[in-house]
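The values are calculated or read from the model by the stated rules, or taken from the named source; none is laboratory data. Because the structure is a prediction, the values reported are computed rather than measured. Positions of Cβ are generated from backbone atoms using ideal geometry, with glycine treated the same way; all protein chains shown enter the neighbour counts. When the accessible area is computed, the model is the full protein with side chains, heavy atoms only, and any ligands, DNA or RNA have been set aside. Shrake-Rupley method; radii C 1.70, N 1.55, O 1.52, S 1.80 Å.
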Amino acid sequence: MNDNSIRIFISGDFAPRYRVNESIEKGEYAQLYGDILPVIQDADYAITNLEAPLIENGTPIAKTGPNIKAPIKSIEALKFAGFDMVTLANNHIMDYATEGLFSTIDICEKNNIAHIGAGKNLKDASKVKYVTIKGKIIAFINVAENEWSTTNGSHPGANPVNEISIYYQIQEAKQNSDYIILIIHGGHETYELPSLRMKKMYRWFVDLGVDAVVGHHTHCFSGDEIYKGKPIIYSLGNFIFDHQSNCNSSWNEGVVVTLTIAENDIDYKLHPFYQCNENVGITLFSEIKVNEFEVSRKEKTMAIQSDDNLEKEFLSFVQKRSKLYMTYLEPIKNKYLLFLINRGVLPRFVKGAYKHLLLNIIRTEAHRDIILKLLTK
């Protein structure tokens, strides 16, 4: 390999929980990373998504979904592997409010691990990170879909997906770097493809000048492609994220990516693996399993190329989730009544004029602006 080539390692969600915390407490770091440790250490620069704030106690915020945090000693596990930077633009970094975010930033800085994607306000969170590697300036941009952690003003939080803001971040990066890598936290959990909206947006990032787009959040590998000579990985899946009820499922199968920059070109290699199945740690796929992965990967890439097929697959996914999301929209929250509604014994309330009203206030930008302000007061 060309000695002047630059290898950048990027992983998905690092969320130390349950058995992983036990390994960290015992200092069993080599076991934690398993087969992937040499891949991390072979890179010139290594990045992981820190999916939980580093804080021992603290008060969780009010939100939907779980509030997660990681012990402060997790920083030792990151240092052991040789991680140079963590991405913080994700939907859990504010789970323990400002205290959790500021604790995480402080711990990273004290341990010489760079961070990107969150800060004391929007201006701070949206800063482009510039890193010089072998004489080349690499610009990193990190954003997250607007769930519970993003900031849109003066309060602390993560850098939000906002097309106008991202446009200007990319323009700034183009003027001050040789290459741009955009890392985005978003997509549909457990869905193994991007939506058509995501495909258009991620390709648009490349149209603006980004050299590689890497996604995570979905807890599964969601496909990849080369667009105009640039790699787009729609979601890497989990990196280290223990969830014992999901053993031997797609939750425990992920990939990491090594981007290689050489002679004004950028290439990439995916490393598929198991994580936290029967035992804590990462095990690379066997040759047979790699062959199966590559067949599935090719099918995903082919599906991504066709807008019609991608939309068809997404509509099928939507149908599978329809009862869950319609339950969110029902004005009543009694679990017994919802049970009967979902089984067709009672009629839905989301219909007719009420359904049209919901559609209009969610779809129309002007109405959505007002609703968002009202609900966040």
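Here are some notes:
- A residue that is modelled with pLDDT of 95 or more, open to solvent by 40 Å² or more (accessible area, probe 1.4 Å) and under 18 Å from the mean Cα position of the chain (by Cα) can be found somewhere in region 175-188.
- Qualifying residues in region 11-26 (those that are basic (Lys, Arg) and in a helix (DSSP H, G or I)) - the one nearest to residue 234 (Cα to Cα): 19
- Residue 52 fulfils the conditions (1) in a loop (DSSP other than H, G, I, E, B); (2) of a type in the set (Gly, Ala, Ser); (3) surrounded by fewer than 17 Cβ atoms within 10 Å (Cβ to Cβ) except for a single criterion, (3).
- One residue stands out in region 261-291 among those that are touching a Ser or Thr at 6+ places or on another chain (Cβ under 6 Å) and either surrounded by fewer than 18 Cβ atoms within 10 Å (Cβ to Cβ) or modelled with pLDDT under 95 (or both): the one that is nearest to residue 43 (Cα to Cα), namely 269.
- Odd one out for residue 201, checked against (1) outside any loop (DSSP other than H, G, I, E, B); (2) in contact with a helix residue (DSSP H, G or I) (Cβ under 7 Å, 6 or more places away or on another chain); (3) open to solvent by 10 Å² or more (accessible area, probe 1.4 Å): (2)
- Pick from region 40-49, criterion of a type outside the set (A, V, I, L, M) and in a loop (DSSP other than H, G, I, E, B), ranking: surrounded by the most Cβ atoms within 10 Å (Cβ to Cβ): 44
- Taken together, 224, 207 contain a single residue that is open to solvent by 20 Å² or more (accessible area, probe 1.4 Å) and of a type outside the set (A, V, I, L, M, F, W, C), which is 207.
- Tally, over region 316-351, of residues that are assigned to a helix (DSSP H, G or I), over 28 Å from residue 272 (Cβ atoms), open to solvent by 40 Å² or more (accessible area, probe 1.4 Å) and without any contact (Cβ under 8 Å) to a residue 12 or more places away in the chain: 9
- Single residue of 266, 240 found to be β-branched (Val, Ile, Thr), in contact with a Lys or Arg (Cβ under 8 Å, 6 or more places away or on another chain), touching a residue at least 60 places away in the same chain (Cβ under 8 Å) and within 18 Å of residue 9 (Cα to Cα): 266
- Options 164, 138, 107, 72; residue that is open to solvent by less than 40 Å² (accessible area, probe 1.4 Å) and outside any strand (DSSP E or B): 107
- Any hit, region 124-132, residues being surrounded by fewer than 17 Cβ atoms within 10 Å (Cβ to Cβ), outside any strand (DSSP E or B), β-branched (Val, Ile, Thr) and without any contact (Cβ under 8 Å) to a residue 40 or more places away in the chain: no
For every residue, the table says whether it meets (1) assigned to a helix (DSSP H, G or I); (2) touching a His at 6+ places or on another chain (Cβ under 9 Å); (3) open to solvent by 30 Å² or more (accessible area, probe 1.4 Å); (4) acidic (Asp, Glu).
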position: 64; (1), (2), (3), (4): no, no, yes, no
position: 68; (1), (2), (3), (4): no, yes, no, no
position: 76; (1), (2), (3), (4): yes, no, yes, yes
position: 80; (1), (2), (3), (4): yes, no, yes, no
position: 83; (1), (2), (3), (4): no, no, no, no
position: 94; (1), (2), (3), (4): no, no, no, no
position: 102; (1), (2), (3), (4): yes, no, yes, no
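- Flag if residue 37 is in contact (Cβ under 8 Å) with a residue 24 or more places away in the chain and open to solvent by less than 10 Å² (accessible area, probe 1.4 Å): no
- Flag not set for residue 172, criterion: of a type in the set (D, E, K, R), more than 30 Å from residue 134 (Cβ to Cβ), open to solvent by 30 Å² or more (accessible area, probe 1.4 Å) and at pLDDT 95 or above.
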